[in-house]
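Just so it is clear, none of the values below were taken in a lab; they were calculated from the coordinates. Since we're looking at a predicted model, the values are computed, not measured. Cβ atoms come from the backbone with ideal geometry, glycine included; neighbour counts cover every protein chain shown.
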Amino acid sequence: MDNFTLLATINVILFVNVIFTIIITRQLIDFGAAEWLSASLLVAAGFFLLLLQRFLSPFFTILIANYMVLLGSLLQVSAALILEFKRKVVKRFILPAVSAVYWILFLIFTYVSFNTSIRIIIISIALALFYGYGVFLFLRLRRIDAEDPPDTAELFVLFSIAAVYYLARTFMTISGAGAVKSLFDANLTTTITFAFLLIFNMVYLIGMLNGSLRYKNKIVIKEREKLGSLFGFLNDTAKHLELEDLYTTIGETLKTTIGMDSAAIYLLDESRESYSIAHSFNELDIPLDAVQTLSKGEGISGAAIEQDRVIVADIDSYPNEQVRRVVKAKGVKSLIGIPLKTPDGIIGSITVVFTSTEKLRLFDNDFFYFLGEQIGLVLHNAYLYKKVADMANTDPLTKLFNRRRMLELIEYEVKRFGRTESIFSIAMADLDHFKNVNDTLGHKCGDDLLKAAADIFKSESRASDFICRWGGEEFLFLLIDTKLNDAVTVVDRMRKKLELHSCECASGLSTTVSIGVAEFGRGMSADEIITRADNALYTAKRRGRNRIETI
């Protein structure tokens with residue numbers, strides 16, 4: 001086969017390559033499609049001009065054709081890198097730099113000094129550098145993204161072979177062993193080059209097709225995993241109506257579904273003029289003081305709430321410089337604000353931060369919005385459940401536990417004592433002369449006094465103490481891991497604080513409380529310890545009130 005026939009065959013292959021490239025770029029890939037199609041068209045056009053060398057002027061066949069092939073080869077490398085890493089990694093200055101060097105040298109060695117060998121050396125060095133640079137970038141960036149298997153590994157093997165081939169051709173031309181006068185001469189070097197180009201472009205097409213299919217397969221697998229995680233999330237949240245359990249489930253879902261690095265759930269305050277962090281998944285240990293409570297419309301989450309849409313932002317574009325500096329120091333690259341919707345409207349948003357933009361590219365805004373709807377719905381249900389549970393367990397006037405809930409807690413402590421002998425005490429309190437307040441000042445004043453007493457008891461209690469409104473003007477205290485003497489100290493602090501309090505509706509009237517305290521002992525039941533505290537209370541009342549008695 002002579003070189004003209006071989007070059008014509010290359011043109012046919014490149015024409016088929018263009019057709020397949022158009023089909024594949026339209027159907028399969030989102031990344032590098034423009035570069036790949038441009039590369040195919042340029043290389044095909046360049047070789048078509050070379051085929052017409054006998055009929056056209058040297059300007060078209062030498063200058064334009066070689067430039068098209070050179071530029072197409074650079075875009076081949078760029079397209080493969082974009083498909084592999086889903087972003088442009090070839091520096092912008094390379095194309096104008098290559099173009100400037102090419103035109104200067106080729107004009108010189110075409111019109112000033114017609115020298116085919118030097119032109120071949122220039123093209124060969126340029127191609128060796130292009131393909132070698134592509135291999136270098138592939139290897140360097142693969143080390144950073146080593147967890148994800150490569151999509152286009154065979155292309156960079158092909159580029160390695162091409163770089164070695166063009167280096168060899170450069171040395172052969174310099175040595176004179178591969179000298180070429182015309183493309184259509186019966187020259188072994190030209191024949192090998194054409195054959196190599198034929199094979200190279202066929203393998204490149206197959207490699208890009210395989211890479212596109214692998215990427216699409218990853219997307220399908222990821223979509224399946226997302227849907228699986230979402231269905232699992234909905235299934236899990238149906239089992240968890242307690243908020244803390246639900247928050248844990250949401251955090252696990254965000255990690256497995258979208259690979260979040262950290263996140264914070266913001267809920268609108270009652271005024272709907274600000275919002276605060278209700279829960280955070282702070283895997284990156286980001287300081288949250290500056291963003292704990294934000295004003296209406298502030299930040300990524302505020303924008304998501306106000307605009308009812310998913311907001312995606314690069315960290316460099318975040319408006320708060322202080323927050324941007326702190327978050328960026330933790331390696332954050334991008335943020336996303338997702339509105340949390342319920343049947344009653346938006347209740348807040350969730351801000352998710354990513355240290356890699358690759359994770360974010362795997363999902364679209366529709367998916368994030370749907371995820372926000374699901375999280376908002378389960379949170380809404382959990383808050384409704386909490387509200388109902390609070391109503392069932394809480395006294396509506398004082399907001400303390402009610403009698404039923406306190407009995408559950410005492411029964412639990414009795415059982416715990418049986419396992420671990422963890423001591424606890426019970427205190428029963430009764431507001432002195434409360435009936436006189438109701439009779440003389442009215443029930444509204446009585447209610448105000450009960451609420452004031454409850455607030456004082458809560459403020460003077462410890463984190464481990466439980467308080468309930470036992471009934472009427474009586475209160476009961478469950479003091480965990482507390483012996484009798486220590487319990488007396490705690491409730492006496494409450495008694496003294498209440499004695500100093502003056503209710504507005506009962507100006508000048510001193511409010512006092514009588515308290516009976518009992519310590520739980522071996523063999524007692526819940527009813528027995530409550531009865532002992534009640535007896536101690538009546539002893540305090542008989543002995544003059546505003547005092548503490550023990551039994």
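Once backbone amide H atoms are built at 1.01 Å from N, F281 has A263, A264, I265 as its partners under 5 Å, excluding neighbours fewer than 5 places away on the same chain. The lysine pair count for the stretch 3-221, using Cα distances under 26 Å and pairs eight or more places apart or on different chains, is 4. A cut-off of 5 Å between modelled amide H atoms, ignoring neighbours fewer than 5 places along the same chain, links K330 with no other residue. Cross-link reach is defined here as a Cα-Cα straight distance under 12 Å, omitting same-chain residues fewer than 8 places apart; for K496 the aspartates and glutamates meeting it are E460. Computed FRET efficiency, Cβ-Cβ of L188 and D314, R0 45 Å: what is it to the nearest 0.05? Computed FRET efficiency for L188 and D314 comes out at 0.25. Seen against the Cα atoms of the chain and their longest principal axis, helix 443-460 is set at about 60 degrees. Phi-derived couplings, Karplus 6.51 cos²θ - 1.76 cosθ + 1.60 at θ = phi - 60°, listed residue by residue for the stretch 158-168: 4, 5, 4, 4, 4, 4, 5, 4, 6, 5, 4 Hz, with x used for Gly and Pro.
The order of the peptides 247-257, 517-527 by mean Cβ neighbours within 10 Å, most packed first, is 247-257, 517-527. Here the peptides 198-207, 34-43 are ranked by packing, the mean other Cβ count within 10 Å, and the order with the highest first is 34-43, 198-207. Couplings 3J(HN,Hα) of the stretch 531-541, computed from phi: 4, 5, 5, 5, 5, 5, 4, 5, 5, 4, 5 Hz, in residue order, whole Hz [Karplus 6.51 cos²θ - 1.76 cosθ + 1.60, θ = phi - 60°; x for Gly and Pro]. In this simple spin-label model, placing a label point 7 Å from the Cα along the Cα-to-Cβ direction at both L500 and D447 gives a separation of 2.9 nm.
Listed by chain and number, the aspartates and glutamates placed with their C-alpha closer than 12 angstrom to that of K386 are E242, E244; residues fewer than eight positions away on the same chain are left out.
Taken over the C-alpha atoms, the stretch 240-391 has Rg and Dmax values of 14.6, 47 angstrom. Shown here for the stretch 380-480: GluC sites (Glu not before Pro) in loop regions (DSSP other than H, G, I, E, B) with at most 14 other Cβ atoms within 10 Å, namely E421. With a threshold of 22 Å on the Cα-Cα distance, the over-threshold entries among K255/K330; K415/K541; K222/K330 are K415/K541; K222/K330. Between N365 and K386, the C-beta separation translates, for a Förster distance of 35 Å, into a calculated FRET efficiency of about 0.70.
Please work out how much length the chain gains when fully extended from N115 to R404, using 0.36 nm per residue of separation minus the C-alpha to C-alpha distance, in nm with one decimal.
On the way: separation 289, 0.36 × 289 = 104.04 nm, distance 10.12 nm.
Gain in length upon complete extension: 93.9 nm.
Working note: Karplus 6.51/-1.76/1.60 with θ = phi - 60° gives the stretch 246-252 the couplings 5, 4, 4, 5, 4, x, 5 Hz, where Gly and Pro are set to x.
Relative to the dominant Cα principal axis of the chain, helix 365-393 is inclined by about 10°.
Hey, what angle do you get for helix 116-144 against the long axis of the chain, alpha-carbon based, 0 to 90 degrees rounded to 10? Roughly 20 degrees, rounded to the nearest 10.
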